[in-house]
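Just below is one structure, and these are the notes that go with it.
The values are calculated or read from the model by the stated rules, or taken from the named source; none is laboratory data. Nothing here was measured: the structure is a model prediction, and the numbers come from that model. Glycine gets a Cβ as well: all are built from the backbone with ideal geometry, and neighbour counts include every protein chain shown.
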Amino acid sequence: MRIYGDNYFSSHVCLISFVLLCFWATTSYAIDANPTPVQAEINRLVDLSETQKEESLKQLIALQNQLPADAKLEDQRDALIGLIDLYIKNEQSVPARKQNADLSALGVRYHDNWSSAMALNFQAVFLQNDGKLDQAKETIEQALLLAKNVNVNKVTNRINGVAGSIYQDLGDFEAALQHQLVAMDSLEEGGRNAVLMRIVVLNDIGILYLSLKNPELALEYNAKATKLALSVDAKSKMDTLAINRGHAYGAQGKYADAMSAYKEARNYARRNSNVRSEVVAVNNLADVTYRMGHYTECLQYAKQTLLLAEILENSSDTADAHVNIGLCRMGLGEVQTGAAEVNLGIDSMRKANAKPDIEMVLGKLASAYEKAGMYREAYKAQSDQIALTTELFGKERNRTVSEMKAKYDAIQSEKQIEVLEQKTRLQSVEINNKSLQRVISILASLIAVSITLTILFLYRKVRETNHNLEQANLKLAQQSTRDPLTGLLNRRAFHEAMQFRAQITDRRTPADTSLSHALVLLDIDHFKRINDKFGHAAGDKVLIELSNRLTVVMREKDMLMRWGGEEFLIFLNHIPIVNLQQVIERILVSVGGKPVVYGKNILQVTVSAGYISLPQGAESEVDLNWEKSLNLADSALYMAKTRGRNQAIGIKKVDVPKEEFDELLQGDLENSIKQGKITIEQIAGPPQSDIVAEPGSQG
């Protein structure tokens, strides 16, 4: 948002979207099922870059220098892509472009479309950042053609994301939306990186809603993205999200909230050493102070923007700064000096073909001229804006009403000019006024007809765009009850199922007393040791494999959930009580009966379990709901861990009065067993010959 558009969504939002899009590459490594040792090291350095950008870049440069001349193609390619991304994160454009030239040469040498597509993708980003939007469009179109031949989700996802950002800068919002939807459809599931990719998509959809003049939905998607970012401690994304939140508040006229959001973004940017985000945040602080009429404060922020933009040597940011300085000076009464500064910025925007930016600058410039009583100049700026508005939005967005209002305002400005000029010719005033009134009447009629026809024409396009966004929203809602890594139901799905069960009547007859439900809580033994020794990719492999094995054991009416981390929860629905022990044994064997294969490594994996049937039976005074039952199962799981792992401990009977049960939950399970308050059974898992438990190891 620059300071020259009351409802403007500027190319700065696209630049901020680009900061996130640069991250799309960093999410593309860890999803490889069987990475090479080099790729595994790149994964580690990419994770490290979230908190230590310079150190991760230093180590990745050393890794690339150690690659032999005959290194695998995928290792060379991923090392180059990783380096380019980290150079961009560290705002080092020159070495990033040099590495991209090497990536392009690699694609030519090996006839590798993947390398060539990514090199074109980076080249388009550089051109976009230089303000050369037409060239960026041509380049990204070439990358999209190669991406279709590669047909790999992470390549499709990334290149379409950049394409959406470029088209948005060009004002082609329909094309931008289509590319963002393709990017979302190609999202791959898996761990923290999948969450970070979803943050990018939610942010970009919010940006598109803002460009379609719907700040309420933009804030809704921004809130979803911010919540996800906080859940994975993605500090490097918070400045971007705060800036876009400020845009939405500004579009609603909530300038105090917008200023607060921009200051938050500036602080995040400084902590993250992100000069680009700081430029945008300070520039938008100039905007909001201008709107509030605080012109002196506005000028201070605008000058700070110019200094930062010159450090970055970015023509787009420099143009913004000149426009903002000029408008602030015009607000302070320095009309001629300020107008010259604004026109300097407009000239730079024309060179970049940034038409949406120019359109909004002209509107604000016209308003500033009118406040200064310079009606002729105001009319000229307003006329230029109308012509550009028609070109930009006549076929893309529902801007008809505002366009017609601009035409009407232009006519009124022309009328004032005519009145001033006719003061020296008093005898012709009456004739000219009558003629002008006839012109206004005719134009008003034409405007009314034009508004009606254009609204009808654009109605279908607006409905189609909203439908596409609703479909994207529906897909995200469906994903909210599934674990992204394993595809199993998650904690939220289980809570909803239990709430639904509580609302319906239990339909069991007296003949069903031999049936009960059971909760089984599982925890993978020594899971931290697997992650530490073989890497998080190995841990993900174990989680997926165990999910598949447990799914085979379960019946269709049972529920299997990933409870969190390395824990799984099973809800056995109406299981014969006499068969419960046999089912638990089958679960332990399905996990520990055979090892998990990860690359060339054989991983012996077992689980510890705690389980309980519910209800406890007629002889028990305690009416256990599922939350209390789960607490007891968790205590039994902990006991299984302390007694050596690879086993299950079940709560057979709880024999305490109702009033003592809550105290029992807070006490020690071993003591309750010794006192006869709880009866348990213990089931051993399959024998393991290769497990060596390390002292003090966790999991």
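Spot the failing condition for E659; the list is (1) surrounded by 13 or more Cβ atoms within 10 Å (Cβ to Cβ); (2) farther than 30 Å from P37 by Cβ, and only one is missed.
All conditions pass for E659, except number (1).
For the list (1) farther than 29 Å from A352 by Cα; (2) surrounded by fewer than 19 Cβ atoms within 10 Å (Cβ to Cβ), I need the number of the one condition that Q304 fails.
Failed condition: (1).
Would you check which residues across the stretch 546-595 are charged (D, E, K, R) and not in a helix (DSSP H, G or I) and list them?
Filtering the stretch 546-595 for residues charged (D, E, K, R) gives 549, 555-558, 562, 566-567, 585-586, 594.
Residues satisfying the conditions are R555, E556, K557, D558, R562, E566, E567, K594.
Which of the residues belonging to the stretch 307-342 are closer than 18 Å to L285 by Cβ, among the hydrophobic types (A, V, I, L, M, F, W, C) and surrounded by fewer than 22 Cβ atoms within 10 Å (Cβ to Cβ)?
Residues satisfying the conditions are L307, L308, I311, L312, L332.
Those residues that are within 18 Å of I587 (Cα to Cα) and either free of Cβ contacts under 8 Å to residues at least 40 places away in the same chain or charged (D, E, K, R) (or both), I need them from the stretch 622-637; list them, please.
D634
For the stretch 596-605, which positions are free of Cβ contacts under 8 Å to residues at least 60 places away in the same chain and surrounded by 13 or more Cβ atoms within 10 Å (Cβ to Cβ)?
Scanning the stretch 596-605 gives a single hit, V596.
Please indicate, with yes or no, whether at least one residue in the stretch 261-274 is of a type in the set (A, V, I, L, M, F, W, C), within 30 Å of N34 (Cα to Cα) and assigned to a helix (DSSP H, G or I).
No, the stretch 261-274 contains no residue that is of a type in the set (A, V, I, L, M, F, W, C), within 30 Å of N34 (Cα to Cα) and assigned to a helix (DSSP H, G or I).
One line per residue, one yes/no per condition, for (1) closer than 16 Å to N283 by Cα; (2) surrounded by fewer than 24 Cβ atoms within 10 Å (Cβ to Cβ); (3) modelled with pLDDT of 85 or more:
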residue: E216; (1), (2), (3): no, yes, yes
residue: A223; (1), (2), (3): no, yes, yes
residue: T226; (1), (2), (3): no, yes, yes
residue: L230; (1), (2), (3): no, yes, yes
residue: D233; (1), (2), (3): no, yes, no
residue: T240; (1), (2), (3): yes, no, yes
residue: H247; (1), (2), (3): yes, no, yes
residue: A265; (1), (2), (3): yes, no, yes
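Tally up the residues in the stretch 123-133 that are surrounded by fewer than 24 Cβ atoms within 10 Å (Cβ to Cβ), over 22 Å from Q76 (Cβ atoms) and of a type in the set (S, T, N, Q), please.
The total comes to 1.
Residue check, L485 against (1) modelled with pLDDT under 80; (2) surrounded by 17 or more Cβ atoms within 10 Å (Cβ to Cβ), all met but one. Which one?
Unmet for L485, out of (1) modelled with pLDDT under 80; (2) surrounded by 17 or more Cβ atoms within 10 Å (Cβ to Cβ): (1).
Pull up the stretch 284-301, narrow it to residues that are under 29 Å from the mean Cα position of the chain (by Cα) and hydrophobic (A, V, I, L, M, F, W, C), then point me to the one that is farthest from G333 (Cα to Cα).
In this case the residue turns out to be L285.
Every residue in the stretch 495-522 that is of a type in the set (A, V, I, L, M, F, W, C), in contact with a strand residue (DSSP E or B) (Cβ under 9 Å, 6 or more places away or on another chain) and modelled with pLDDT under 90, please.
Within the stretch 495-522, A497, M498, L515 qualify.
Counting only residues that are not in a helix (DSSP H, G or I) and not small (G, A, S), which one in the stretch 134-175 is surrounded by the most Cβ atoms within 10 Å (Cβ to Cβ)? Steps first, answer last, please.
To start, the set of residues in the stretch 134-175 that are not in a helix (DSSP H, G or I) comprises 151-152, 170-172.
When the remaining residues are screened for being not small (G, A, S), the result is 151-152, 170, 172.
Values: N151: 9, V152: 16, L170: 21, D172: 19.
So the residue we want is L170.
Out of L120, L86, L73, which single residue is at negative phi and surrounded by fewer than 16 Cβ atoms within 10 Å (Cβ to Cβ)? First the steps, then the outcome.
On the way: L120 fails: surrounded by fewer than 16 Cβ atoms within 10 Å (Cβ to Cβ); L86 fails: surrounded by fewer than 16 Cβ atoms within 10 Å (Cβ to Cβ).
Among L120, L86, L73, only L73 is at negative phi and surrounded by fewer than 16 Cβ atoms within 10 Å (Cβ to Cβ).
Looking for something within 36 Å of the chain's Cα centre (by Cα), modelled with pLDDT under 95 and over 22 Å from L485 (Cβ atoms) - is there at least one such residue anywhere in the stretch 593-601?
Yes, because at least one residue in the stretch 593-601 is within 36 Å of the chain's Cα centre (by Cα), modelled with pLDDT under 95 and over 22 Å from L485 (Cβ atoms).
Mind listing whichever residues of the stretch 360-395 are acidic (D, E) and modelled with pLDDT of 85 or more?
E370, E377, D384 - these are the residues of the stretch 360-395 that are acidic (D, E) and modelled with pLDDT of 85 or more.
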